[in-house]
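Have a look at the structure below, then the notes.
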Amino acid sequence: MASLTAEPAAAEIPAAGGKSVHKLANPGANRVAFKIKSSNNNELRLKPVFGFVDPGASADVEITRLAGAPKEDKIVVHFAEVPPECAKPEDAFAGGATGTGNLTIPVSAK
């Protein structure tokens, strides 16, 4: 079964704006595609939104917060195992599919 971990597991970003970089690691034996969603699309920007993580590898995800009122938000990383020949991570989530697992990263702006 596919799994992903995030390091660090949570983000603290100033309400005035800033960035936090997280490493998504794939400890499994199969390639994983991911799709990231946010609870706050007005102030949070995610890069990349879709991607792949090969077995035993990791991928960096950047969370950028624009200036705004302090609040608690979250990022949800949906993921699914994909075959090596899968060329676009978006294909794993076609038709509204959410993958086989998810990982939540709390985002605190103070």
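Just so you know, all these numbers are worked out from the coordinates, no wet-lab data involved. Note that the structure is predicted; figures quoted are calculated from it, not measured. Cβ sites come from the backbone with ideal geometry, for glycine too, and all protein chains shown count toward neighbours.
Miscellaneous remarks
Residue-wise test of (1) of a type in the set (A, V, I, L, M, F, W, C); (2) in contact with a Gly (Cβ under 7 Å, 6 or more places away or on another chain).
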position	(1), (2)
VAL61	yes, no
HIS78	no, yes
ALA94	yes, no
GLY99	no, no
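- Within the range 58-92, the set of residues being crowded, with 18+ Cβ neighbours inside 10 Å and not in a strand (DSSP E or B) comprises VAL82, PRO89, ALA92.
- Residue count for the range 12-57 satisfying the condition of being touching a residue at least 12 places away in the same chain (Cβ under 8 Å) and assigned to a loop (DSSP other than H, G, I, E, B): 20.
- Of all the residues in the range 1-11, those that are outside any strand (DSSP E or B) and surrounded by 16 or more Cβ atoms within 10 Å (Cβ to Cβ) number 2.
- Identity of the residue in the range 12-35, among the hydrophobic types (A, V, I, L, M, F, W, C) and more than 13 Å from PHE52 (Cα to Cα), that ends up surrounded by the fewest Cβ atoms within 10 Å (Cβ to Cβ): ALA29
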